[in-house]
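Comments concern the structure below.
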Number of protein chains: 2
Amino acid sequence: MQMTPAIEKYVLHWGEMGTRWGTNRTVAQIQALLYLSPGPLRADEIVELLSVARSNVSTSIRELQSYGLVKMTHMLGDRRDYFETLYDVWDLFRVIIHQRKERELNPTLAMLRQCAEDVDAEKDTDPVTKERVRNMLNFVEGTSDWYEKIHEVPSSTLTKLMKLGVGITKFVK
Amino acid sequence: MQMTPAIEKYVLHWGEMGTRWGTNRTVAQIQALLYLSPGPLRADEIVELLSVARSNVSTSIRELQSYGLVKMTHMLGDRRDYFETLYDVWDLFRVIIHQRKERELNPTLAMLRQCAEDVDAEKDTDPVTKERVRNMLNFVEGTSDWYEKIHEVPSSTLTKLMKLGVGITKFVK
DNA sequence: CGATTACTTCAGTCAAAACAGAAATGAGTG
DNA sequence: CACTCATTTCTGTTTTGACTGAAGTAATCG
């Protein structure tokens, strides 16, 4: 693996995007690098390629592993750790969405359920407000359920579904 | 509008979530407050309810307006500005997704197209890497196209589609 | 077992972003 | 056309969290 202008552009952009998706720059850059790399990379290679501190790579990889986005491999007669990410874009997507559900949707769902209950008991709360809470709860519950069902669907099916686009709506009356 | 424990919980949680979605706490809190409020609110009311500086409300509302999430209204014989957000959750969702597409998907698409082109011209880049770039490009292009088609679909249809869940897959062979 | 190599943890530094308060602008009103 | 009220802009402070470098731990090898 070597840095070319195009790869550098990709990695830098991905890092920037990462900061908008709740993770930090280095974490996203490492993921991008591993995605583009033909083979697994060692931590010290990543240090070289990205010009970041060794410690930074260590903690970033730990984070990626905790997401299930990166796994460790080894080479015979080499005690250093090698890392690789998922290479199928749908797999990547699925894992990321799953993480976001766990970290954002689930807590929000819990909060909304509690709020819907609490707010109903509050005499001094406007009925309109109560309905708004309930509507939001229904929406988030809906997306949550939908995700649960959809996340087992194989990549090939999802690709076809996506190609269908708006055509899908003709199946609902 | 008055703060009750349940409403406070909602607003605080929404603020926390906002920080994970690329905006700051106050912006998200204001949006939550406006969503729950039976009627439009004035800036000074928001200052009171959230205990934040007046200037903070001003800039946060400006941001929300730029997203298309909040609009200004007025009362007869009152020159102060009143604000309200969208009340339909699907509308909210649509606007937010649209913003994210503009701010994240489009730039990424541009980068990937450029990269796919550049990387093809680089002799010293592994063919595997070239394919990875192309796969990612196809995926992002796919989601972008899909979004373009789907974002006109009315809320009621989307609700039905969501209820269908995995049942939708039986329509693709 | 010391020395070397690989990796992790920790404490301090730095930069970016959020926010408050003050000053400035603008828009009605008497 | 001063004066007041509403809002915005600007500047300085505070907070947050990403990152580095150093110290620490663990494993392997001569």
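Residues in region A:13-30: is at least one farther than 22 Å from B:L105 by Cβ, near DNA strand C (Cβ under 10 Å from one of its atoms) and in a helix (DSSP H, G or I)? Checked region A:13-30: no residue is farther than 22 Å from B:L105 by Cβ, near DNA strand C (Cβ under 10 Å from one of its atoms) and in a helix (DSSP H, G or I). Scanning region B:17-55 for residues that are in contact (Cβ under 8 Å) with a residue 40 or more places away in the chain and among the basic types (K, R) yields a single hit, B:R42.
Going residue by residue through region B:33-40, is there one that turns out to be surrounded by 17 or more Cβ atoms within 10 Å (Cβ to Cβ) and either assigned to a loop (DSSP other than H, G, I, E, B) or near DNA strand C (Cβ under 10 Å from one of its atoms) (or both)? Yes, there is a match, as at least one residue in region B:33-40 is surrounded by 17 or more Cβ atoms within 10 Å (Cβ to Cβ) and either assigned to a loop (DSSP other than H, G, I, E, B) or near DNA strand C (Cβ under 10 Å from one of its atoms) (or both).
Can you find, within region A:1-34, the residue that is farthest from DNA strand D (Cβ to nearest atom) among those that are facing another protein chain (nearest Cβ under 7 Å) and under 14 Å from the mean Cα position of the chain (by Cα)? Taking the candidates together, the pick is A:M17.
Can you pull out every residue in region B:41-80 that is of a type outside the set (V, I, T), closer than 27 Å to B:R103 by Cβ and more than 11 Å from DNA strand D (Cβ to nearest atom)? Outline the logic, then answer.
Let us first name the residues in region B:41-80 that are of a type outside the set (V, I, T), namely B:41-45, B:48-51, B:53-56, B:58, B:60, B:62-69, B:71-72, B:74-80.
Still in the running and closer than 27 Å to B:R103 by Cβ: B:41, B:43, B:50, B:53, B:55-56, B:58, B:60, B:62-69, B:71-72.
Listed by number, the residues that qualify are B:L50, B:L64, B:S66, B:Y67, B:G68, B:L69, B:K71.
Every residue, every condition in (1) more than 8 Å from chain B (Cβ to nearest Cβ); (2) over 23 Å from B:V11 (Cβ atoms); (3) in a helix (DSSP H, G or I), yes or no:
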| position | (1), (2), (3) |
| --- | --- |
| A:F93 | no, yes, yes |
| A:R113 | yes, no, yes |
| A:A116 | yes, no, yes |
| A:V133 | no, no, yes |
| A:V140 | yes, no, yes |
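If you check B:R100, B:R113, B:R79 for being within 14 Å of DNA strand C (Cβ to nearest atom) and of a type outside the set (A, V, I, L, M, F, W, C), only one passes: B:R79.
Spot the failing condition for B:T108; the list is (1) without any contact (Cβ under 8 Å) to a residue 40 or more places away in the chain; (2) surrounded by fewer than 17 Cβ atoms within 10 Å (Cβ to Cβ), and only one is missed. Among (1) without any contact (Cβ under 8 Å) to a residue 40 or more places away in the chain; (2) surrounded by fewer than 17 Cβ atoms within 10 Å (Cβ to Cβ), the lone unmet condition for B:T108 is (2). The number of residues in region B:153-173 that are modelled with pLDDT of 80 or more, of a type outside the set (A, V, I, L, M, F, W, C) and assigned to a helix (DSSP H, G or I) comes to 6.
The values are calculated or read from the model by the stated rules, or taken from the named source; none is laboratory data. These numbers were taken from a predicted model, which means no experiment stands behind them. Glycine also receives a Cβ, built like all others from the backbone with ideal geometry; neighbour counts cover every protein chain displayed.
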